[in-house]
1. I'd like to verify a number: residues in segment 11-47 that are closer than 20 Å to Asp75 by Cα and in contact with a strand residue (DSSP E or B) (Cβ under 7 Å, 6 or more places away or on another chain), how many?
2. Looking at segment 12-26, which of its residues are assigned to a loop (DSSP other than H, G, I, E, B) and under 15 Å from Glu44 (Cα atoms)?
3. If Ala54 passes every condition in (1) exposed (fewer than 12 other Cβ atoms within 10 Å of the Cβ); (2) more than 30 Å from Ser2 (Cβ to Cβ); (3) under 16 Å from the mean Cα position of the chain (by Cα) but one, which one does it miss?
4. So, of the residues in segment 60-98 that are of a type in the set (S, T, N, Q) and free of Cβ contacts under 8 Å to residues at least 40 places away in the same chain, which turns out to be farthest from Ala40 (Cα to Cα)?
5. What are the residue pairs meeting all of these: first residue in segment 12-25, first residue loosely packed, with under 10 Cβ neighbours inside 10 Å and modelled with pLDDT of 95 or more, second residue among the small types (Gly, Ala, Ser) and part of a loop (DSSP other than H, G, I, E, B), Cβ atoms under 6 Å, and 6 or more apart or on different chains?
Amino acid sequence: MSRWPHIARYLQRRSSGWVDDDFYSWCSGRDRLSPAERAAGNEEWADFFEWRLAERAEELPRDRTGRRLVEKWTDSMAYCCRRSAAWERGEDPGAWVPQHVRRPDLDVIA
């Protein structure tokens, strides 16, 4: 959990090793944070979601459809979190890029 100091209180490791997250509680309470803290938290959420996908790498190949859904969801969450982080830093994240354009590999049927 030390990898993500801004969101650690919203993460809980189970005895199985799985890490539960409470992203929705973080979202509802982020108004109390400074823009810099919100930006850092959003970057950490993006990293966390990608880390969790990597942690599931061994189990997902057994279920191609499930893997594709998890990969798409993870990409969407990471993209949204990083765009939010840019806004919080006062940066222009640019125009929204649809997933099928930024990640066409996720639409390839294997």
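1. Number of matching residues: 4.
2. Asp22
3. (2)
4. My answer is Thr65.
5. From segment 12-25, no pairs qualify.
Every residue, every condition in (1) modelled with pLDDT under 95; (2) assigned to a loop (DSSP other than H, G, I, E, B); (3) surrounded by fewer than 12 Cβ atoms within 10 Å (Cβ to Cβ), yes or no:
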| position | (1), (2), (3) |
| --- | --- |
| Arg3 | yes, yes, yes |
| Glu37 | no, no, no |
| Pro61 | yes, no, yes |
| Trp73 | no, no, no |
| Ala86 | no, no, no |
| Gly90 | no, yes, yes |
| Ala95 | no, yes, yes |
| Leu106 | yes, no, no |
| Ile109 | yes, yes, yes |
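The values are calculated or read from the model by the stated rules, or taken from the named source; none is laboratory data. None of the values given here were measured: they were computed from a predicted structure. Glycine gets a Cβ as well: all are built from the backbone with ideal geometry, and neighbour counts include every protein chain shown.
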